[in-house]
Every structure is written in C-alpha cells, then in structure tokens.
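The values are calculated or read from the model by the stated rules, or taken from the named source; none is laboratory data. Nothing here was measured: the structure is a model prediction, and the numbers come from that model. Cβ: placed from backbone, ideal geometry, glycine included. Neighbour counts: every protein chain shown.
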Amino acid sequence: MATSLGMSTNEQATINRSVRNGTVPKYEIRKPRGSWWRQASSRFVNWFAHRWYHRIVRWTAPLTAFWLSQTPMIFATVATLVRFRIFDRLRTGPLSSAELALLVDADEQALLRILRPAAALAILDRLPDGRYALSAVGEQFCSDSAQPVAAWTELMDRMVLETLPQLPEAIRAGDSLVHHVHGKTCWERMAEVPGTNELHDIACGRWTELVVDSVAQAYDFSQAALLIDVGGGRGSQLSAILKANPQLHGTVYDRDETKAAAGAMFLKQGVSGRACHVTGNFFEAVPKGADLYTIKHVLHDWDDVSVVRILSNIRAAMSHSARLLIIEGSVDHNLGPMESIRAVWDLSQFATTWGKSRTLDEFAKIAQQAGLRLKTVFPTQTIDTLILECVPV
C-alpha cells in the first residue's frame, strides 16, 4: 500500500516515528566551491566576526548601548530619506537643504533635523559649503541600486514599524508580529497597503540577482536536462543557471503576476529559447517531468505546516531519480560569514511573515515529513545562501 507521496505505509511510519522522537537524519556538508581568494576572504570575515566582533562590542559597551537606543530614530531617518527620494535626487549632484526642501515639499528647518544626523553618520556627505551629496552608503539606497535596501527599508517602514511596540506581546503569544496585530498574513496585509507588493517583489528580485551567480557556481548542474524553479518569480535565478549550463532547459512556476517580468528577464539574459513561465500555485500542485527542482528563499516565509505542504507537492511531482535544491538561508551555523546578519533576518521573518530561518537540522526534519531526505549541504560565497540538496525517500 502506498501513501499519496508514493511511499509505503511502513516507510511513512518510520519517518513519522523519527520526527516524533526528534532524531535528525544525517546529511553531508561540502566544502564551498569557488576561487581560492574568495574562499580565503570568506574565511577571514567569518574568523573576524566570531573572534573580534563581540570583543569590540564589549570594549565599547556604553557607546554600543547608546547607539542601540537610538536605532529607531536612525531607521526613521533613512526611511524618510528613501520615501522623499532624497538619495535619487542627489544622483545629479549636491543640493542645499533649501533646494531639497523645495523638491520634496517640506519645511527646510524640519528637513535639516534628518539631514544633519544622516551626514553625521555618513549616510549622506555634507560639503564645506553646506550642501548635501551622496555618500558611498547613500548610493546603496538609490532606487536604481543593485542593492535591495531602498525597497526593503520602505517596505519595513510601511508594514512593520507601526507594529513593533507589540513585539513583546507577539513573542509571548508565539505569533507572527503582523498576524498578531492585524489578524492577517503578511500577504493579506500587503494586499491592503498599496504599493507594498511591488516593494516586496523589487527587494526580493534584487537580492536574488545579487546571489544567483554564486548559486550557479556552487552546484554541479551539468547532469540535469530540465529544471523547474518553484516560486521562481521574475526568473533571475533560472536565467543565471541556464546561462551557466547551456545543456539545460528550465521553467519558472509562479503566480501569473510574475509572467511578464520573467519573460523580459529571459530575453535580457539570452535564454528565452530554453526558458518559459508556467502559472500555478505551489500549495495546490507542482508540474511533473523535471529531473531537478529548485525553490529559493520561499520556505522562510511560511510556517512548518505550510512548508511540509509545499515540499510534499514538490515530492509528489518528482521521479525517484529527481533532486530538489532548497536554496535558502539558515541560522546557527558557521558555513558563511556574518552570523549576526542571519540572526537579524530571522527576527525579520518572525516580524513580517509566518515563517522563520531554520537550522540545518530543522530542514532535515521538515524534509523528512514531506518524504524527502536532506542529502548534502553546499555552501555558497554569499552571506545567507546555502544549497540544500534533497532526494526522495
């Protein structure tokens, strides 16, 4: 007798018993691929972060505590500059506070209250003549920057900032902050706040574009013929993998709203002859026929029950020889630099979604519940991206 995932009843019972008992299936962690200097620089950053970061914080404890107490005002300053498009307006050259006030229809003296601290913190540069100019940090917040920080800052400002005072209550309740405050998922809440879906797509799309080349280099795709990127959005990841692997054909499986952008990305990257977009819902089903499936930075948006459902649908579509690559960040590991960033991102997931950043052991257990086995972990040369190779049980 077989289950809906194609496993025998005994196999499913073994999995369920293992999950209940808390045992963790074994998995292998590979050494990162890439040039020697990138590996060396990654190891140095990792060493510095673990050896010196906490020491520096302890040595400067009073100053660190002061700046932590001021972080709401610093974030509000940056968010206001983003929403006023101050960074974009300084692209063409330095401007005085009076000129900026006129452009954004604001009171000059009030505007100075955010321009001065921004300059003091090197978020902007203040010239000897008093005009303000883009700094190296400020350039990252321009709307056309490759970095996703401008869209992400505005999204957090509009979606999360007002809910933060209720973080203690949400933690006591064990509930997502947005859901605790509004009684809705982040997706339902974004549907009510105009423009936030677009900000989310921009931020996620740009982050994907920053890491896709590392993903394409960190795993051997040469044995695959057809790849389906589940929740692949605008096609950035699929395009990068196809460019690096001429033998490969691929499909993005996602909402209809992403179809036009994915088509444009395929054309831009020169892979339109080998790529297509199929509309669907991964909570309902996933197309069959691929020998390789990928799902990138999707699972951290959902709770464990939802993740098991998504992975079970992928497992139902997989042949016995197919593989699944979960491309995702993780917490509590030292396989990449900047553990602090991963921990803060995990808090962001708790605040904004029903999801979380999971440990590798948690991924192994949750894959097991869906009829998959986490086989191998491939680190990449990025802060928050691992490739978790899963095979059918």
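Assorted remarks:
- Restricted to the range 132-187, and to residues there that are among the polar types (S, T, N, Q) and within 18 Å of the chain's Cα centre (by Cα), the residue that is nearest to SER348 (Cα to Cα) is SER176.
- Test for PHE266: is it buried (at least 16 other Cβ atoms within 10 Å of the Cβ) and not in a helix (DSSP H, G or I): no
- Residue count, the range 213-267 (criterion: of a type in the set (D, E, K, R) and within 20 Å of the chain's Cα centre (by Cα)): 6
- Some residue of the range 291-307 being free of Cβ contacts under 8 Å to residues at least 24 places away in the same chain and either of a type outside the set (Asp, Glu) or closer than 20 Å to LEU386 by Cα (or both): yes
- Counting only residues that are closer than 25 Å to ALA316 by Cβ, among the polar types (S, T, N, Q) and surrounded by 22 or more Cβ atoms within 10 Å (Cβ to Cβ), the range 213-245 holds 1 of them.
- Looking across the range 56-81 at every residue that is under 13 Å from ALA118 (Cα atoms) and among the hydroxyl-bearing types (Ser, Thr, Tyr), the one that is surrounded by the most Cβ atoms within 10 Å (Cβ to Cβ) is identified as THR77.
- Residue, nearest to ASN313 (Cα to Cα), within the range 246-257, restricted to residues that are among the charged types (D, E, K, R) and either buried (at least 24 other Cβ atoms within 10 Å of the Cβ) or touching a helix residue (DSSP H, G or I) at 6+ places or on another chain (Cβ under 9 Å) (or both): ASP254
- Within the option set VAL252, VAL278, being outside any loop (DSSP other than H, G, I, E, B) and either in contact with a Pro (Cβ under 8 Å, 6 or more places away or on another chain) or modelled with pLDDT under 95 (or both) holds for one residue only, VAL278.
- Among (1) surrounded by fewer than 17 Cβ atoms within 10 Å (Cβ to Cβ); (2) over 18 Å from THR380 (Cα atoms), the one test that GLU362 misses: (1)
- Residue in the range 283-307 that is nearest to ARG323 (Cα to Cα), counting only those that are surrounded by 16 or more Cβ atoms within 10 Å (Cβ to Cβ) and of a type in the set (A, V, I, L, M): LEU292
- Filter result for ALA343 (outside any strand (DSSP E or B) and touching a strand residue (DSSP E or B) at 6+ places or on another chain (Cβ under 6 Å)): no
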